[in-house]
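K.L.:
Structure in structure tokens, see below.
The values are calculated or read from the model by the stated rules, or taken from the named source; none is laboratory data. Treat the numbers as computed from the prediction; the structure is a model and nothing was measured. Please note: Cβ atoms are built from the backbone with ideal geometry, for glycine as well, and neighbour counts cover all protein chains shown. The accessibility values were calculated without ligands, DNA or RNA, using every heavy atom of the protein model including side chains. Shrake-Rupley method; radii C 1.70, N 1.55, O 1.52, S 1.80 Å.
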Amino acid sequence: MSPVLKTLADLVRINSINSSYEGGPGEAEAAAYVRRFFEERGMEVWEQEVFPGRNNVIARVPGRDSSRRIVFEAHMDTVSIKGMTIDPFDPVVRDGKLYGRGSVDDKAGLAAMMHAVADIHASGESPPCEVWLAAVVDEEFSFRGVVKLCEGLKADAAVVAEPTEFKCVIASKGVLRWRIRTKGKAAHSSKPHLGINAITAMSRIVLALNEDHERMQQTQHPLLGPGTCNVGVIHGGVQVNFVPDEAVIEIDRRLLPGEEVPEVLAHYQVLLDSLMKRHTDVLAEMETPMLQDWPFQTDAQAPLVQLAQTLLGEMERDNGVCGVPFGSDASKFSRMGIPTILFGPGSIDQAHAAVEYVECAEVEKALAFYTQIARRFV
């Protein structure tokens with residue numbers, strides 16, 4: 001194996017399932033590996049505590065202009081291995097693909113970034129500006145690693161590794177998740193008129209949400225399409241011969257750039273208020289969001305984007321810009337006013353899959369891309 005593929009294989013062998021998932025040990029072993037990688041090369045590296053025993057790892061290469069900085073960022077955690085049909089921690093290479101949990105999401109990008117930064121250090125030639133490599137925790141659950149990294153961070157650009165099929169991504173949807181709860185009145189099912197059915201009330205809400213979602217399709221973002229709203233979970237009732245006194249749904253709303261969480265939630269509160277005025281059996285409340293992550297969009301004319309497009313053209317790859325529907329750490333940098341792109345080898349279609357893999361050749365090319373970004377960003 002080439003050095004970058006050997007590092008990727010080493011990372012895949014490490015179980016770094018996010019500790020918020022069943023059986024997940026967290027990122028400690030992966031963090032120790034990343035830190036050791038840079039220490040063995042005589043590079044400046046330190047850790048940043050996010051949770052006890054779960055630290056970001058940051059390596060630094062000084063630049064000729066110490067007042068400017070570009071950050072390369074990738075996450076160390078993975079999702080669970082439930083449902084996988086291959087050995088998740090055996091990085092087999094077959095038909096030009098390296099297999100295993102995290103191979104494409106996000107250890108391929110991480111390994112390529114690690115070697116890009118290390119190669120620049122080894123060359124002895126200082127890059128135009130300071131370069132950071134940040135290997136962070138908790139991307140797959142609540143983004144706390146990148147949030148901690150961004151506290152007080154000053155940077156002029158950020159490149160976030162995710163599987164983007166080697167395309168320059170400058171926009172993504174945000175996500176908002178919350179619950180709506182309906183209250184009813186319990187009664188015996190033989191006399192339902194003595195109760196108030198919370199499931200029936202919830203059905204009115206679900207239908208109203210669906211109608212609202214259809215109206216949402218009229219607003220299209222040029223790179224992302226429309227926002228979306230999905231009712232993904234529903235619970236209600238105790239047993240079949242009770243009139244249910246409570247029902248709960250969980251909603252996943254994907255946000256477009258320009259949409260802000262308070263305004264989106266206010267919209268749905270108005271929808272609920274309208275239903276409760278029209279239907280006396282509907283008594284509903286919205287709970288505090290379980291998760292909120294902003295959308296992001298970077299100006300296509302930003303120097304980082306222009307450089308990325310130039311490099312992709314030189315590599316004879318698609319040098320257009322695009323958007324993706326999934327969330328990532330990128331939005332946190334963007335929220336701070338840092339021009340940011342998502343870029344990495346492999347496809348999101350293989351992420352979280354029963355058979356996860358990445359094309360080995362794409363990892364090698366990503367290493368070249370990241371290296372040139374660091375060498376040429378001024």
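K.L.:
Identify, from the list ALA330, ALA300, ALA284, the residue that is under 26 Å from GLU362 (Cβ atoms) and more than 16 Å from the chain's Cα centre (by Cα).
P.N.:
ALA300 is the lone residue from the list that is under 26 Å from GLU362 (Cβ atoms) and more than 16 Å from the chain's Cα centre (by Cα).
K.L.:
I've got another one for you. If I filter segment 80-114 down to residues being among the hydroxyl-bearing types (Ser, Thr, Tyr) and farther than 14 Å from THR7 by Cα, which single residue comes out as surrounded by the most Cβ atoms within 10 Å (Cβ to Cβ)?
P.N.:
So the first thing to find is which residues in segment 80-114 are among the hydroxyl-bearing types (Ser, Thr, Tyr), and the list is 80, 85, 99, 103.
Subsequent filtering for residues that are farther than 14 Å from THR7 by Cα retains 80, 85.
Details: SER80: 17, THR85: 8.
Filtering segment 80-114 for residues that are among the hydroxyl-bearing types (Ser, Thr, Tyr) and farther than 14 Å from THR7 by Cα, the one surrounded by the most Cβ atoms within 10 Å (Cβ to Cβ) comes out as SER80.
K.L.:
Between a residue in segment 304-316 that is touching a residue at least 60 places away in the same chain (Cβ under 8 Å) and any residue that is surrounded by fewer than 19 Cβ atoms within 10 Å (Cβ to Cβ) and part of a helix (DSSP H, G or I), which pairs come within a Cβ distance under 8 Å, given they are 6 or more apart or on different chains?
P.N.:
Pairs that qualify, where the first residue is touching a residue at least 60 places away in the same chain (Cβ under 8 Å) and the partner is surrounded by fewer than 19 Cβ atoms within 10 Å (Cβ to Cβ) and part of a helix (DSSP H, G or I), are LEU307/ARG376; LEU311/GLN372; LEU311/ARG376.
K.L.:
Still on this structure, I have one more. Select from segment 340-377 the residues that are in a loop (DSSP other than H, G, I, E, B) and touching a helix residue (DSSP H, G or I) at 6+ places or on another chain (Cβ under 8 Å) and write down the one among them that is farthest from VAL137 (Cα to Cα).
P.N.:
In this case the residue turns out to be PHE377.
K.L.:
Could you please find all residues in segment 213-267 being open to solvent by 70 Å² or more (accessible area, probe 1.4 Å), of a type in the set (A, V, I, L, M, F, W, C) and at pLDDT 95 or above?
P.N.:
Residues satisfying the conditions are ILE234, VAL240, PHE242.
K.L.:
Just for segment 292-333: of the residues that are of a type in the set (S, T, N, Q) and open to solvent by 30 Å² or more (accessible area, probe 1.4 Å), which one is nearest to VAL136 (Cα to Cα)?
P.N.:
Looking at the filtered set, the residue picked out is GLN292.
K.L.:
Then there is this: Looking only at segment 354-370, count every residue that is within 20 Å of the chain's Cα centre (by Cα), buried (at least 18 other Cβ atoms within 10 Å of the Cβ) and of a type outside the set (Phe, Trp, Tyr) and tell me the total.
P.N.:
Adding up the residues that qualify gives 4.
K.L.:
Which residue pairs have Cβ atoms closer than 9 Å, lie 6 or more positions apart in sequence or on different chains, and pair a first residue in segment 260-273 that is closer than 22 Å to VAL206 by Cβ with a second residue that is among the acidic types (Asp, Glu) and surrounded by 11 or more Cβ atoms within 10 Å (Cβ to Cβ)?
P.N.:
Every condition considered, the pairs that remain are HIS267/ASP212; TYR268/ASP212; LEU271/ASP212; LEU272/GLU285.
K.L.:
Please go through segment 123-155 and give me each residue that is open to solvent by 50 Å² or more (accessible area, probe 1.4 Å) and in contact with a Pro (Cβ under 9 Å, 6 or more places away or on another chain), ordered by number.
P.N.:
Restricting attention to segment 123-155, the residues satisfying the condition of being open to solvent by 50 Å² or more (accessible area, probe 1.4 Å) are 123-126, 141, 144, 148, 151-152, 154.
SER126 - this is the single residue of segment 123-155 that is open to solvent by 50 Å² or more (accessible area, probe 1.4 Å) and in contact with a Pro (Cβ under 9 Å, 6 or more places away or on another chain).
K.L.:
Counting just the residues of segment 16-33 that are assigned to a loop (DSSP other than H, G, I, E, B) and within 19 Å of the chain's Cα centre (by Cα), which one comes out surrounded by the most Cβ atoms within 10 Å (Cβ to Cβ)?
P.N.:
Here the residue is GLU27.
K.L.:
Next question, about the same structure. Evaluate the following for ARG60: is it of a type in the set (Lys, Arg), open to solvent by less than 40 Å² (accessible area, probe 1.4 Å) and farther than 15 Å from HIS115 by Cβ?
P.N.:
No, not satisfied.
K.L.:
Would you point out the residue of segment 170-196, among those that are within 21 Å of VAL104 (Cα to Cα) and out of contact with any helix residue (DSSP H, G or I) (no Cβ under 8 Å at 6 or more places or on another chain), that is least open to solvent (accessible area, probe 1.4 Å)?
P.N.:
This residue is ALA171.
K.L.:
Let me ask something additional. Can you tell me which residue among LEU311, LEU275 is closer than 16 Å to ARG181 by Cα and more than 21 Å from the chain's Cα centre (by Cα)?
P.N.:
Every option except LEU275 fails the conditions.
K.L.:
Which residue, of ARG94, ARG54, is within 19 Å of the chain's Cα centre (by Cα) and either within 17 Å of GLY346 (Cα to Cα) or touching a residue at least 12 places away in the same chain (Cβ under 8 Å) (or both)?
P.N.:
None of the others qualify; the one that does is ARG54.
K.L.:
Have a look at ARG41, ARG36 and point out the one that is at pLDDT 95 or above, open to solvent by 80 Å² or more (accessible area, probe 1.4 Å) and in a loop (DSSP other than H, G, I, E, B).
P.N.:
Just one listed residue meets the conditions, ARG41.
K.L.:
Here's another thing I want to ask about it. Just to be sure I understand the filter: pairs with C-beta atoms under 7 Å, separated by 6 or more residues or on different chains, first member in segment 33-48 and of a type in the set (Ser, Thr, Tyr), second member at pLDDT 95 or above and in a loop (DSSP other than H, G, I, E, B). Which pairs pass?
P.N.:
As it stands, the answer is TYR33/ILE14, since those pairs meet every condition given.
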